[in-house]
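Take a look at the structure below.
The values are calculated or read from the model by the stated rules, or taken from the named source; none is laboratory data. Owing to the predicted nature of the structure, the values given are computational and were not obtained by experimental measurement. Cβ coordinates were reconstructed from backbone atoms using ideal geometry, including for glycine residues, and neighbour counts include every protein chain displayed.
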Amino acid sequence: MSLFNVYPLFDITPVKAEDVYVFDENNTKYLDLYGGHAVISIGHSHPKYVKHISEQVSKLGFYSNSIQNPLQVDLATKLGKLSGCKEYQLFLCNSGAEANENGLKLASFHNGKKKVIAFKNGFHGRTSAAVAATDNAKIVAPINAQQEVEILELGDLVALEKSLAKNDVCAVIIEFIQGVGGLDESTAEFYEAINTLCKKYNTCFIADEVQSGFGRTGDFFAFQKYNVTPDIISIAKGMGNGFPIGGILIHPDIKASFGLLGTTFGGNHLACVASSTVLEVIEEEKLMQNATKISAYFIEKAKEISEIKNIKGRGLMLGLEFDFPIAELRKKLIFNQKIFTGSAKNPNLLRILPPLTIKKEHVDALFDAIKSELS
Ligand SMILES: Cc1ncc(COP(=O)(O)O)c(C=O)c1O
């Protein structure tokens, strides 16, 4: 059987990894400043993570959501404490798309409406409602296009209020820092106005923190820089450090009832242990503080390179906008310099999403490599 050929692949075969490094079958060492799409939060193969998952799988790897699972309660407690969102309720699933899908569905159950407002260049996943709310016509199939979604310009408050006033919008979904789209952000005024307008028109405000959450920006959530209270917060990526897990944090105003949401695999024993360990390590190793510290150093170093026109993002969710398309540079960084970085919808933007354990020496290695390739 052949693989369904949907991914353009780099010809590299990682076989092991440790902290910020990935090794191929010839033991060639690559510096991973991409973390497999912002997934690796506490570093590859963190010893505590390996130990906890190994111990759990040797006891009980999985049972469905029909029995007591204290590991889910433990995860919810740790997550509430570290994120500062103690009063929220947690529903667990397996991926970012699923988190947003459940978030949108829950919003619609909650207020009985069905239209969604999303924003230009936003990305929310590839499932039914999540992909319909994603601004990329190429990945929206006809079956998805039947969802009622309005995509607005980021920052267009007039259009937002005009649409919400029709009273048919169940949710406004937004990435406070756009990931795939290219690290664009709007203003505090805009985010805080969405918050106010959603409350005014009985619409759920969904913060998509799938990529920006779990400490990546230096705050636990990117929205926490603003005076907003989302009704639903979606999480995934860094949550499991590579173990598939996602979830939504649900404001206490939204009430649960049996059967409202559900999943077979979501919240399984292994996933809970993986994510609880991620939270423990983020706290013990002060990784959010490290994200802020290394980010400041990174930005200073980036300013030394004249071809970089704009430095975007926050914490360790960063983008370097060059004055030329970066596809060739990214290839050279991988194959000549042995450094993984990422691309975005904006062709001039190099994305940097390293493990939160990264040190100054790794930042130096990147900028030495960029200088050498541009000279
Ligand atoms: C902001 C955001 N939301 C949702 C998703 C979808 O997550 P997943 O690929 O786990 O379904 C992504 C993935 O890149 C993302 O960046």
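A few points about this structure:
- Per-region count, region 240-256, residues away from the ligand (no atom under 16 Å from the Cβ) and either under 14 Å from Lys105 (Cα atoms) or in a strand (DSSP E or B) (or both): 4
- Within region 102-151, being closer than 15 Å to Gly246 by Cβ and within 11 Å of the ligand (Cβ to nearest atom) holds for Gly103, Phe123, His124, Gly125, Arg126, Thr127, Ala130.
- For region 339-375, taking the residues that are of a type in the set (Lys, Arg) and under 18 Å from the mean Cα position of the chain (by Cα), the one that is modelled with the highest pLDDT is identified as Arg351.
- Residue in region 209-216 that is of a type outside the set (D, E, K, R), in contact with a Leu (Cβ under 7 Å, 6 or more places away or on another chain) and within 16 Å of the ligand (Cβ to nearest atom) present: yes
- Region 232-289, residues that are touching a helix residue (DSSP H, G or I) at 6+ places or on another chain (Cβ under 7 Å), small (Gly, Ala, Ser) and under 18 Å from Cys85 (Cα atoms): Ser234, Ala236, Gly238, Gly246, Gly247, Ser275, Ser276
- Check on Ala97, within 16 Å of the chain's Cα centre (by Cα) and in a helix (DSSP H, G or I): yes
- Neighbours by Cβ (under 8 Å, 6+ apart or cross-chain): first from region 161-173, over 20 Å from Ser186 (Cβ atoms); second surrounded by fewer than 12 Cβ atoms within 10 Å (Cβ to Cβ): Cys170/Gly112
- Test: residue in region 181-192 that is aliphatic (A, V, I, L, M), away from the ligand (no atom under 13 Å from the Cβ) and either over 21 Å from Asn227 (Cβ atoms) or in a loop (DSSP other than H, G, I, E, B) (or both): no
- Residue match in region 159-174 (condition: within 16 Å of the ligand (Cβ to nearest atom) and in a helix (DSSP H, G or I)): no
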